[in-house]
């Protein structure tokens, strides 16, 4: 009998590089054999792409099936037991603070009262004496309109007065002469009546000339447009050399010595502002806040932003309409709020806290508010004295825990 030669080390079944891969490929081939769709009967060279793809698939599955485990059973059991042991945790209760709720908003400075300056006469703008942002006093010249033209019209009107006076004087003398002659019956009564009419016409012409002079005087005076009251220029819509019609807006002036501070407040703050009499604001960073006296609260909530306007007033010193203001509204009444450290809140998605219940972790959703030096305000979801786990790092729902007192 012929002796069987021992196989070489490279061919030994126990030393093959991937013995399980060979078994996996063979098993997979037996599974796929009944389906000619996956294993076509034609030679491989007749469908090269399909054959190569199938070969790669079989090899990949075979290699994946024989991946060796890097952990022995004893180590795996020890790791499992360790994970099943209850985690030691500590509990805390929310910190209770008594304070006035506040909200920080961005507002704006508005003029308390504004007036649009227009011209009472038509003409070309001759000179503009102010720019936007300039403060003005009552009666200060702002701009002038065609002064030369109105000056000439005034002089013409005054000359017509002199002519009317001369005509009246001549008519008066003629009337006196005719009066003497008619008394002596030297002239007919009709001649006297004509002299009387000429005198009356001359007197009326003088009155007309005086009225025309007064009108020309008025036009000349209003051709210089002056500030109606003390305030600041906040708008200009004209340039020198431009034609200005009667009533056309030329400048806009904010009147008075105070301004409005306006901020839009979220609608849920309506009840919290009951009894509010004022608020603080700043316009320059790192400057002491200024106090605004409450002027009005808009009773209408804007539908798009679900907010309403709160308006205060303050002296206009150093403030100009159009400035931004950092407004802080503080509720008049003191309320209690609950706070937890950041470590006690899971903030990856919806804010949650963990509670120890029956030796396991229970999850509670909460609503958070302000942040303050590592602390977060709890708006809803917890009550005073309710205990929560102090540190949520590495914990999850239903994990066994042991509370350490």
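Here, each number is a calculation from the coordinates, and none is a lab measurement. Fair warning: this is a prediction, and the values are worked out from it, not measured in the lab. Positions of Cβ are generated from backbone atoms using ideal geometry, with glycine treated the same way; all protein chains shown enter the neighbour counts.
Listing for the model above:
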item: Distance between modelled label sites at residue 120 and residue 330, nm, 7 Å Cα→Cβ extension; result: 5.1
item: Euclidean distance of C-alpha centroids, the stretch 140-167 and the stretch 175-201, integer Å; result: 36
item: Pairwise FRET efficiency - residue 222 versus residue 177, Cβ, R0 = 60 Å, nearest 0.05; result: 0.85
item: Fewest-first sequence of 354, 295 by Cβ atoms within 10 Å of each Cβ; result: 295, 354
item: Burial ordering of 382, 329, 84, fewest other beta-carbon atoms within 10 Å first; result: 84, 382, 329
item: Relative contact order for the stretch 114-236, counting Cα pairs under 8 Å that sit 6 or more residues apart, in percent; result: 48
item: Where the Cα pairs of the stretch 215-266 fall when distances are cut into 5 Å bins, in %; result: 4, 13, 18, 21, 16, 11, 7, 4, 3, 2, 1, 0
item: Separation between Cα centres of the stretch 248-303 and the stretch 365-405, rounded to whole Å; result: 38
item: Descending principal axes extents, the stretch 114-236, alpha-carbon based, whole Å; result: 79, 23, 17
item: Burial ordering of 218, 268, 286, 199, fewest other beta-carbon atoms within 10 Å first; result: 286, 268, 218, 199
